[in-house]
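Worksheet: the structure to be examined is printed underneath.
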Amino acid sequence: MNEDLLFILIIEMLGTVAFAISGIRLAAAKNFDWFGAYVVGLVTAIGGGTVRDLLLGIPVFWMQTWMYLGVTFVSLVTVIIFRRALVGGMRTLFIFDAIGLALFVVVGIEKSLVAGYPMWVAIAMGIITGSFGGITRDILLNEEPLFFRKDIYATACLAGGLVYWLVSLLSFTTPIAAQISCGLTVIGLRIAAVHYNWSLPILQISPEDLPHDDK
């Protein structure tokens, strides 16, 4: 395994831990049993990457090694042991979700570029990798997905991808610099959006805009 693939694997494992804990933690707050929490954590961790690999036409990453299933199990055990610290409060969920989001955006971009796709496809795959697992998690838990709220979520993924692209255009930078810049942008935007209550405009339709029956 060359250094680039090893680096992607390390990032993907770290993202798996972060997203698995975010999913398991939320499942625990909903009083799921251990198996249910594991399934939610696993879907959160592998959902986006699975869709990405299917769209790119490459082998699905978690089917190539048992480590992702194992890492999710370790994440479950971690939440069980440290449940008081990890389950209490939304801040914990936010931290792990933001870290996982940033890492998976980077992984999605890198894997797409390695597969020979152009940058615009890589950015789209970064958004899918980072967000689709969380969408599936929220649906399983009967929650409104963050992706579809006015919250800065998918926008943070897009901004991170654009920063990756801009940094990679500079002749004096390295791929790692682009990856770090992308990840920090995603995390920074998520933190700033929550701290300053940033949001996108809501698409609203007033009763006056709806068609009326003239009868």
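Only the coordinates and a few stated rules stand behind these numbers; no lab work does. This is a predicted model, so every value here is computed, not measured. Counting neighbours? That spans all protein chains shown, and the Cβs are built from the backbone with ideal geometry, glycine included.
One table, with the values for the structure above:
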| read-out | value |
| --- | --- |
| At 1.002 mPa s and 20 °C, Stokes diffusion of region 8-106 via Kirkwood alpha-carbon radius, µm² per second | 161 µm²/s |
| Whole-Hz couplings from phi, Karplus 6.51/-1.76/1.60, listed for region 158-165; x for Gly and Pro | 4, 4, x, x, 5, 5, 4, 4 |
| Among G57, A178, A124 the positive-end extreme of the charge dipole of the chain (Cβ point charges) | A178 |
| Choice from M67, M119, M13 with maximal GNM fluctuation in the chain (Cα, 10 Å cutoff) | M67 |
| The chain, dipole about Cα centre (Lys/Arg Cβ +1, Asp/Glu Cβ -1), debye to the nearest 20 | 580 debye |
| Interchain or long-range residues, amide H under 5 Å from L141's placed H | none |
| Highest-fluctuation residue, S168, S75, S112 considered, GNM on the chain with Cα pairs under 10 Å | S168 |
| Using θ = phi - 60° and Karplus 6.51 cos²θ - 1.76 cosθ + 1.60, couplings along region 67-81 (whole Hz; Gly, Pro as x) | 4, 5, 5, x, 5, 5, 5, 4, 5, 4, 4, 4, 5, 4, 6 |
| Residue-wise HN-Hα coupling along region 36-53, computed from phi with Karplus coefficients 6.51, -1.76, 1.60 (Hz; x: Gly, Pro) | x, 5, 4, 4, 4, x, 5, 4, 4, 6, 10, x, x, x, 5, 4, 4, 5 |
| Cα pair count fraction exceeding 27 Å, expressed as % - region 3-198 | 24 percent |
| Those trypsin sites (Lys or Arg not before Pro) in region 1-91 that DSSP places in a loop and that have at most 14 other beta carbons within 10 Å | K30 |
